[in-house]
Every structure is written in C-alpha cells, then in structure tokens.
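I have placed the structure first, in the form of structure tokens, so that the comments after it can refer back to it.
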Amino acid sequence: MKITVFNGSPRGRDSNTNIIAQSLLEGAQEAGADCLHVYLVEKNIRHCRGCFSCWSVTPGVCVLQDDMKHLMDLFTESDFVCLGTPVYGMLMTGLLKNFTDRLLPLATPHIRKADDGAFYHNGRVRRFPGLIVVANSGFPGQHNFEMLKSYYKPQNPVLEIYRNCGEILSHLELAGSEVAKQVKVFLSAVKQAGRQIVTHGKVTQNVVELINNEIISDEEYMNRVNRMWDEEFGESCES
C-alpha cells in the first residue's frame with residue numbers, strides 16, 4: 001500500500017500540519033505502507049491557465065511544464081492521499097488549492113449526475129485514491145473548519161482531522177503538563193489511525209474520538225496566545 005501526503009502549508013517542514021501528518025505516516029509505515037511526504041512549498045507548480053487543453057488538445061496532459069506531472073503520477077499511484085493544510089481565510093492555503101486545480105487533467109469534460117443528485121465530471125483514470133484530510137487552525141473553536149468540511153464531504157474521506165488550537169502543537173511552552181499530555185494523546189491517536197488505514201482501510205470510532213478530543217479549552221488557549229504576543233511584541237503588534 002502507498003500513502004502520499006501533499007502538504008499545503010507555506011511553513012512546510014516547520015508547520016503544525018507537518019507534525020500531524022508525520023504522526024499519521026509513522027503509524028502507516030509501522031503497518032507496512034510505502035509512505036511519502038510531499039511539501040508543495042518546495043515544488044514548482046504554476047497556476048492553471050484555464051485553457052482546457054488537457055481536455056481537448058492534449059487529453060489528460062497539461063501543457064504546463066513544471067513539477068505537476070510527477071506529482072500527478074504520485075497522486076494516481078497512491079492508494080490513499082492525505083491533503084494537509086492550515087486554515088487560511090476559512091479554507092485551504094493557496095498552495096493546496098493550486099495543486100488541486102492542476103489535477104484537472106484527471107477528469108474529462110463529460111458531466112455525469114451522481115446518486116446524490118449533484119453533477120460531476122467523469123474521471124479519466126481507472127480509480128482515484130482514498131482521501132485523508134488533515135487541517136489545523138491557530139484559532140480556537142470549530143467554526144473555522146466548516147467550509148473545508150463542506151468542500152470535502154462529496155469526496156467521502158476515510159479520515160478527517162480538524163485540529164483547532166493548532167499552534168499548541170509546536171509551542172508547548174504555551175502548555176502546562178496536562179495540555180502537553182493531551183497533545184501526546186492526540187498525536188498517538190493520529191499514529192494509530194495511520195496503522196488502521198493500512199490494516200483495515202478505515203479508522204475505528206474510538207480512535208476518531210481520541211483525535212477529536214479537546215487538547216486545551218478555547219478560553220485558555222486564547223488567553224495564553226494573547227499573553228505570549230503581548231510578552232514578545234508588546235504594543236507593536238497592535239499598531
């Protein structure tokens with residue numbers, strides 16, 4: 001089995017998205033999967049021109065010459081792909097959106113009506129990989145993920161990880177011992193989910209619940225983040 005993470009964080013290897021995705025891949029590797037972590041910020045991916053040449057002139061092939069041809073091959077060769085992103089403007093980053101836009105050659109111009117009554121393009125490939133979603137937000141609360149959840153719902157992800165208070169993952173100085181313990185429980189559950197996807201193709205409900213458990217209260221996180229900014233930058237961050 002092959003699992004590929006496409007990480008859309010501009011912070012790449014230093015991101016909270018990376019912390020979550022790496023835990024997922026560690027579990028998958030332990031279960032025997034061939035895993036790869038692709039940092040989109042390190043790749044040359046030009047913007048889709050909207051020319052639709054991949055439908056008409058060169059069916060299935062984009063006219064742009066960049067890293068996307070190789071990345072598309074990785075996408076289609078994978079049994080599962082994980083799309084990872086921090087929340088930017090209530091949705092994914094431009095890096096990840098640009099990557100998904102450039103997957104257009106995998107579809108045909110023909111339109112079909114699905115069982116749910118919605119309309120989609122036919123796929124050009126024999127099968128698409130299963131989807132895993134990893135998203136984190138530096139904000140407390142869950143409202144930041146609503147647009148992402150709606151975006152991915154028609155794709156029936158095998159696992160969705162929506163981690164609020166995400167900066168706590170890389171700033172454990174904001175956390176006391178109890179919060180640090182909850183971070184460890186969360187990442188351990190993500191790792192276990194990676195193992196289960198490889199061995200069973202799905203994640204058990206108890207592991208999903210562990211992933212979704214609160215790490216730190218919204219109020220406590222807000223107060224700690226605000227205090228950190230005040231201590232580090234003072235009034236300069238207000239001007």
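The values are calculated or read from the model by the stated rules, or taken from the named source; none is laboratory data. Source: prediction; values computed, not measured. Using ideal geometry, Cβ is built from the backbone for each residue, glycine included, and neighbour counts are taken over all protein chains shown. Calculation scope for accessible area: heavy atoms of the full protein, side chains included, ligands and nucleic acids excluded. Shrake-Rupley method; radii C 1.70, N 1.55, O 1.52, S 1.80 Å.
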Accessible heavy-atom area order of 172, 103, highest first, probe of 1.4 Å: 172, 103
Once Rh for the stretch 37-131 is found with the Kirkwood sum over Cα pairs, what is the Stokes-Einstein diffusion coefficient at 20 °C and 1.002 mPa s, in µm²/s? 147
Helix 68-77 sits at what angle to the longest principal axis of the chain, using alpha carbons and giving 0 to 90 degrees rounded to 10? 90
Env charge @ residue 10, Cβ radius under 13 Å, K,R +1 / D,E -1, value +2
The chain accessible area per residue, 1.4 Å probe, protein heavy atoms, integer Å², reads 52
When the helices in the chain are scored as -39500 (n - 2.57) per DSSP H run of 4 or longer and the sum is shared across all residues, what 222 nm value do you end up with, to the nearest 500 deg cm²/dmol? -11500 deg cm²/dmol
What Rg and what Dmax come out for the stretch 115-201 when only alpha-carbon atoms are used, in angstroms? 16.6, 51
Rounded to the nearest Å, what's the spacing between the alpha carbon centres of the stretch 194-226 and the stretch 119-159? Just the number, please. 17
Between the residues 27, 156, 60, the Cα farthest towards the positive end of the dipole of the chain, that dipole coming from +1 and -1 charges on the beta-carbon of Lys, Arg, Asp and Glu, is from 60
Carbon-plus-sulfur fraction of the accessible area of the stretch 43-145, 1.4 Å probe, in percent? 57
Within-15-Å neighbourhood charge of residue 140 [Cβ basis; K, R +1; D, E -1]: -3
Assuming a ≥ b ≥ c are the square roots of the Cα gyration tensor eigenvalues, decide whether the stretch 1-92 counts as rounded (a/c under 1.5), prolate (otherwise, with a/b larger than b/c) or oblate. oblate
May I ask you to work out the translational diffusion coefficient for the stretch 161-231 at 25 °C, viscosity 0.890 mPa s, via Stokes-Einstein with Rh from the Kirkwood sum over Cα pairs, reported in whole µm²/s? 187
